[in-house]
1. I'd like to know if the stretch B:42-53 contains one or more residues that are surrounded by fewer than 20 Cβ atoms within 10 Å (Cβ to Cβ), assigned by TED's automatic domain parsing to the domain that holds B:Ser164 and at pLDDT 90 or above.
2. Inside the stretch B:110-122, can you point out the residues that are farther than 24 Å from A:Pro200 by Cβ and not polar (S, T, N, Q)?
3. Take the stretch B:195-219 and flag every residue that is crowded, with 19+ Cβ neighbours inside 10 Å and under 24 Å from B:Ala174 (Cα atoms).
4. Please enumerate the residues belonging to the stretch B:132-181 that are within 14 Å of chain A (Cβ to nearest Cβ) and within 18 Å of B:Asp204 (Cα to Cα).
5. Considering only residues that are touching a His at 6+ places or on another chain (Cβ under 8 Å) and within 14 Å of B:Glu179 (Cβ to Cβ), which ones fall in the stretch B:25-41?
6. Answer yes or no as to whether A:Asp206 is touching a Lys or Arg at 6+ places or on another chain (Cβ under 8 Å), free of Cβ contacts under 8 Å to residues at least 12 places away in the same chain, closer than 30 Å to A:Thr106 by Cα and charged (D, E, K, R).
7. Could you check, for the stretch B:122-131, whether at least one of its residues is within 14 Å of chain A (Cβ to nearest Cβ) and either outside any helix (DSSP H, G or I) or out of contact with any Ser or Thr (no Cβ under 9 Å at 6 or more places or on another chain) (or both)?
8. Taking the stated definitions as given, is A:Gln257 closer than 30 Å to B:Val82 by Cβ and polar (S, T, N, Q)?
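The values are calculated or read from the model by the stated rules, or taken from the named source; none is laboratory data. Bear in mind the structure is a predicted one, so any value in this text is a computation, not a measurement. Don't worry about glycine lacking a Cβ; one is built from the backbone with ideal geometry, like all the others, and counts go over all protein chains shown.
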Amino acid sequence: MAIARAKIKSVGAAQSPLLGAAMFTPAVLYILLLVAGPFFLAIFYAFSDARIGNTEMHYVGLENFRSILKSPSFRIAIRNSFIFTICSQIVVIVGANILAIALEKTFRGRGFIRFLILLPWVAPIALGAIGWKWILDSIYSVISWVLVALHFYKPFNAPMWLGEPHLAIASVLLVHSWRLMPFSTVILLAGRTAIPKDIPEAAAVDGAGFWRTQFQIIIPMMRPILSVAVLFGLIFTFTDMTVVYILTAGGPFDSTQTLPSLAFAMGIQGSDLAAGAAISLFLVPLLIIIAYFMLRVAHRAEVN
Amino acid sequence: MAVVETRSLTKVFKEGELGAVNSVNLETREGEFLVFLGPSGSGKTTLLRMIAGLETPTSGEILIGGRVVNELSPRDRRIAMVFQSYALYPHLSVYKNIAFPLKAQKVKKDLHKQKVEWAASLLGIGALLDRKPRELSGGERQRVALARAIVREPAVFLLDEPLSNLDAKLRASAREELERFHRRVGTTTIYVTHDQVEAMAMGDRVLVLNKGVVHQLATPTEVYDNPADTFVATFLGSPPMNLAELSDVIVGFRPEHFRPVSSVNGEAVAFRFKVENIEYLGSEWIVSGTPASGKLGGQKVFSRLNSAQDLSLGGTYDFAVPQRELKFFDRSTEKRVEPKVVSWQ
């Protein structure tokens, strides 16, 4: 038996360089073709005057960046990217914590409620966003209809959810939060169930009430998993353009543009590939910072 | 006035099922070390958790300091509990762990340092205050858990198998330390364990539980020498008490009283004893075998001897039990009854 096992081992060892490479290749190809390639292409375009439908291309130095930085739409897009990302994370973390606390308790129909809460995450983002587009529509909005029916507004005078800059920003924020909530809830729920029951019980015996137990014991203990939820949430929101694109397409008057949606609008729809590429490069510094923290969390998890 | 008292305390987890704790009445004495002893699933931890307020009783009353506390949350019961896992807060330093109950119970801030240092010095962990729990050994963690419990000066200590996570060697010294600690602070303590050695060594009194029912509440000597029923008789002692059914009673005797006839004085019951197994345990020998004839014929009986060097496997010897060491139990209720004259043949 021992001999047979040793043999298998040696065969495995002889094969492993090839086998390892074979297993590794798809991942490397994927990263090279779909991540590294476009990334370097974007850097290349950002210093050129590439346009869709034009085969000629010239090096223009920092010209694209200079003109972008002057554009008011770009400044709004930067601001919005941060507002959407940070505010939706705050809403999501608070909401997900509340949901996780509620779902931790056993009650009838908990499985069904969990399923319902997970639904926004499972459904394709475009479908969800289209649903919200109808809910927030200027004429057919159910929210407006309810508000009118409750006599908060006169008919035809209800707010234009996606038509007024501030309301549009709030609407996009809401949809982003709705979209991310299930993901964070599931992660936090897992984090909570991983805490031994003894700990909150010890806190109760020690005299801590609900809030003290949550804020001084449970949530600090969940810090690693909480940072995973936040970091993923930051990336999802910061790089997402589907929600903005479907709800407002960046409007009204570019008031809801974000970096990705503006890059798409300029680069693809506006045919100015170089400008689009330059805008998208502004995502990189923040993503590098987030990636650094993610690696640190992963490293800590490994060490512990 | 008893520090802790329970009146027909019952806990049923699933309706229609037998209770985990059934109608338990007990009263602690001021400053005593009371041990809840029972096999796993006997309800001892559930009983402790009800006293702590972590479990709601199905019926019955819990009194602490003469006041019914059924409706009070754990924080309002003036208790401290040490969990089996110690349940230290992993993200807080030892100092902050010990200070947590003070913070939670809104003790004045300027008293914290003094109280934490007092508790830490009582347990000899003054040098560990800056460490995190994961940097501590099992024994140190246990001491931190005890310090966290003592710091608020509770009316009663509840300890849930605090030694079971320590290795055997450490357990003996931790046990001694715990006893010394209890003598020093003198706080009424309830201690849950399934280990009869711990119960006998530490308890002022022992409450023997099985299937949620109290079988006996008495001093360790009383529980060992005069067990209230056959469960207590066989749960305590290793090997357990030998039991034999004789006509209408069950007769029991401890292995250490079943000896070669030459070393038994006075009135005694004698058997021909066939030795089938001999175990050498260093300070003593455990001999098992079967009496060759009479009502006990064929039944396995244990003997505990200081020396079994004269005995050999397969040999048959004359053994005897002094009459006064025989315990009698009712055959149907299995409860202790007065000594009777019985026929062994």
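1. There is no residue in the stretch B:42-53 that is surrounded by fewer than 20 Cβ atoms within 10 Å (Cβ to Cβ), assigned by TED's automatic domain parsing to the domain that holds B:Ser164 and at pLDDT 90 or above.
2. Those that are farther than 24 Å from A:Pro200 by Cβ and not polar (S, T, N, Q): B:Asp110, B:Leu111, B:Lys113, B:Glu117, B:Trp118, B:Ala120, B:Leu122.
3. Matches in the stretch B:195-219: B:Gln196, B:Glu198, B:Ala199, B:Met202, B:Gly203, B:Arg205, B:Val206, B:Leu207, B:Val208.
4. Of the residues in the stretch B:132-181, the ones within 14 Å of chain A (Cβ to nearest Cβ) are B:132-135, B:141-142, B:144-162, B:164-165.
Matches in the stretch B:132-181: B:Ala155, B:Val156, B:Phe157, B:Leu158, B:Leu159, B:Asp160, B:Glu161, B:Pro162.
5. Let us first name the residues in the stretch B:25-41 that are touching a His at 6+ places or on another chain (Cβ under 8 Å), namely B:33, B:37-40.
Passing the criteria: only B:Phe33.
6. For A:Asp206, the condition - touching a Lys or Arg at 6+ places or on another chain (Cβ under 8 Å), free of Cβ contacts under 8 Å to residues at least 12 places away in the same chain, closer than 30 Å to A:Thr106 by Cα and charged (D, E, K, R) - is met.
7. No, the stretch B:122-131 has no match at all.
8. For A:Gln257, the condition - closer than 30 Å to B:Val82 by Cβ and polar (S, T, N, Q) - is not met.
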